Amino acid sequence: MTTSDKTMIATGKLFAALIQFAISIIPIIIKGYVLSILWGWFIVPKFGAPPLGVAWAIGVSAILAVALPRPQAMKTLESDNWGLSMFVSTFYPLFGLLVGWIAHLFI
């Protein structure tokens, strides 16, 4: 293997890592959006709290992601299959939004 081949492989791995990083931001944004919606549906009317904008909700979600431990199942999933982990991270909050919307219909 020549030096240029090694350079191309390293460049490809770096590009793949940057793409994975960029894609991994999507679930954070979705979680913030879902949090802001659920906050508006449940916390604002019940407790009189101010509405939580999407940017603030993204920040709160990021703090919680850093502060709270991840379940062992999620750690195993991330190490086994990055694509499936991203799928779960993206659609789990949307499922929570669906459940919240159904509950909101009964309030």
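The values are calculated or read from the model by the stated rules, or taken from the named source; none is laboratory data. Every value quoted in this text rests on a predicted model; they were computed, and no experiment measured them. Note that each Cβ is placed from the backbone with ideal geometry, even for glycine, and that neighbours are counted across all protein chains shown.
Being part of a helix (DSSP H, G or I), at pLDDT 85 or above and touching a helix residue (DSSP H, G or I) at 6+ places or on another chain (Cβ under 9 Å) is the requirement here; does Phe95 meet it? Answer is no for this residue.
Would you say Pro45 is assigned to a helix (DSSP H, G or I), at pLDDT 85 or above and either polar (S, T, N, Q) or under 20 Å from Ile25 (Cβ atoms) (or both)? If you could, list the steps in order and put the result at the bottom.
Details: assigned to a helix (DSSP H, G or I): yes; at pLDDT 85 or above: yes; either polar (S, T, N, Q) or under 20 Å from Ile25 (Cβ atoms) (or both): no.
No: the conditions fail for Pro45.
Take Ser89 and decide whether it is under 14 Å from Ile28 (Cα atoms), touching a Leu at 6+ places or on another chain (Cβ under 6 Å) and modelled with pLDDT under 95. No, not satisfied.
Anything in the stretch 29-70 that is more than 13 Å from the chain's Cα centre (by Cα), surrounded by fewer than 15 Cβ atoms within 10 Å (Cβ to Cβ) and not hydrophobic (A, V, I, L, M, F, W, C)? List them, or say none. Residues satisfying the conditions are Pro45, Lys46, Gly48, Pro50, Pro51, Gly53, Pro69.
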